[in-house]
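As structure tokens, the structure follows; a few thoughts come after it.
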Amino acid sequence: MTVTYLLSGEATLFSELRRRLIEADPDIDETTLLDTLEGATNLKEALGEVVRSALEDEAMLSGLKGRLDDLKVGLERIRHQIEKKREVALAVMEETGLEKLNEPDFTVSLRISPPGVVITSEEDIPEWFWIPQEPKLDKRAILDAIKAGTAVAGAELANTKVSLSVRTR
């Protein structure tokens, strides 16, 4: 049984018992009601387990991100090594005049690449070579403007919403 399923069941039980207690005694004070419900349900424990599970997942995520970053560094190192080895092989083949090498598992040969384009000044390139881009909304700038008191047509601040803050010790 997952912790979220357990929490859902406890929340349902808590709500139903709360409704029944208020129905049985409409004048019950909030402290007595909450004390009774705490003794009759495991809602706080289930809620604690869900948050604890989320904290464990966050720790796992952090560890995986760190490992992924390490792997990306290794990947770039290997890409760099590949590039350098190919550059060395090219240089040696050019220097020695060897145009082709046949090996049992590969063949390598020198070939002339077609000419590529080098941009020397983007400002001088005619407009018809540019690819039009979809405009992208700068939501951060809109938020800053509204917060500064500037009215922005077509935008407004959203209502605040409740979020969960978890601090660990």
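The values are calculated or read from the model by the stated rules, or taken from the named source; none is laboratory data. Quantities reported herein were computed from a predicted structural model and do not represent experimental measurements. Using ideal geometry, Cβ is built from the backbone for each residue, glycine included, and neighbour counts are taken over all protein chains shown.
Step by step: first the residues of the stretch 5-35, then only those that are closer than 21 Å to Arg52 by Cα and either out of contact with any helix residue (DSSP H, G or I) (no Cβ under 6 Å at 6 or more places or on another chain) or basic (Lys, Arg) (or both), then the one that is modelled with the lowest pLDDT. Which residue is that? This residue is Tyr5.
Okay, residues lined up against (1) of a type in the set (Phe, Trp, Tyr); (2) closer than 24 Å to Ser165 by Cβ; (3) assigned to a helix (DSSP H, G or I); (4) more than 32 Å from the chain's Cα centre (by Cα):
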residue	(1), (2), (3), (4)
Glu38	no, yes, yes, yes
Ala46	no, yes, yes, no
Leu61	no, yes, yes, no
Glu95	no, no, yes, yes
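Restricting the stretch 130-169 to residues that are closer than 30 Å to Gly48 by Cβ and of a type outside the set (Val, Ile, Thr), the residue that is modelled with the lowest pLDDT is Leu164.
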